[in-house]
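The values are calculated or read from the model by the stated rules, or taken from the named source; none is laboratory data. Note that the structure is a prediction, hence the values are computed from the model and not measured. With ideal geometry, Cβ positions are generated from the backbone for all residues, glycine too; neighbour counts draw on all protein chains shown.
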Amino acid sequence: MVERYTSRLQLSIRVLPLFFLLCGSLYAQGDNLGVAIIVGENDAWMIETPEGWNLDQRAALAAGLGATFVPEGSFWSSSPVVMYANGIPKSTDTVTVASVIRNDSLKAISTDAGTIVKRSEPIGTIQGVDAEVCYIIRADSMLCEAIAYINGCSGIAIIVLSARNAGDFHNSLDAFSRLVDSYEWITSDPERIAELKRMR
């Protein structure tokens with residue numbers, strides 16, 4: 001576990017500066033790395049594209065998300081199943097994983113009274129941090145989501161699987177687990193955060 005984390009992080013540190021210079025973004029896609037750096041207000045973290053999926057940088061920028069992923073051969077605008085990542089800063093002590101889950105659950109139920117919200121088994125990450133997971137299933141099964149919430153030092157990482165039908169949802173859960181498992185916190189140092197933002 002530790003060796004996997006160390007070797008991949010070292011590889012990313014060696015490769016990412018080159019991509020910052022070449023494309024001015026926080027996505028390292030060369031050599032099939034498929035690594036996305038999500039930079040929030042107070043922290044930065046990274047995730048790795050699971051096999052069979054592509055990291056879609058342009059869709060993420062257009063949607064204002066930290067990273068977006070689609071199955072190989074699909075497009076963000078038309079794919080029946082997608083995954084994406086974003087973060088929530090811990091602006092106050094009341095911003096916790098529990099409070100975010102509660103707010104998301106209430107919002108989902110208020111949008112459609114037949115929506116089912118249930119907790120699933122936590123997913124462990126390679127850094128040894130567990131992600132809390134919720135499933136949100138609309139009554140007509142035309143929207144099925146799995147949402148992972150990872151507690152960071154100064155922010156909460158959110159990773160979402162969203163599908164337009166139950167079949168694609170269930171078929172994509174393994175990829176979702178691999179994406180969540182790849183989570184690695186990078187920094188909450190204000191100077192490094194500012195530098196990463198300038199490199200976008």
- Item | Selected residue (only one of Thr96, Thr111, Thr125 is among the polar types (S, T, N, Q) and at pLDDT below 90) | Thr111
- Is it the case that region 176-193 has a residue that's closer than 23 Å to Gly64 by Cβ and exposed (fewer than 14 other Cβ atoms within 10 Å of the Cβ)? yes
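Mind listing whichever residues of region 32-70 are of a type in the set (Asp, Glu) and either in a helix (DSSP H, G or I) or within 14 Å of Glu184 (Cα to Cα) (or both)?
Selection gives Asp43, Glu48.
Specify which of the listed residues (Gly73, Gly34) is modelled with pLDDT of 90 or more and on the phi > 0 side of the Ramachandran plot.
Gly73
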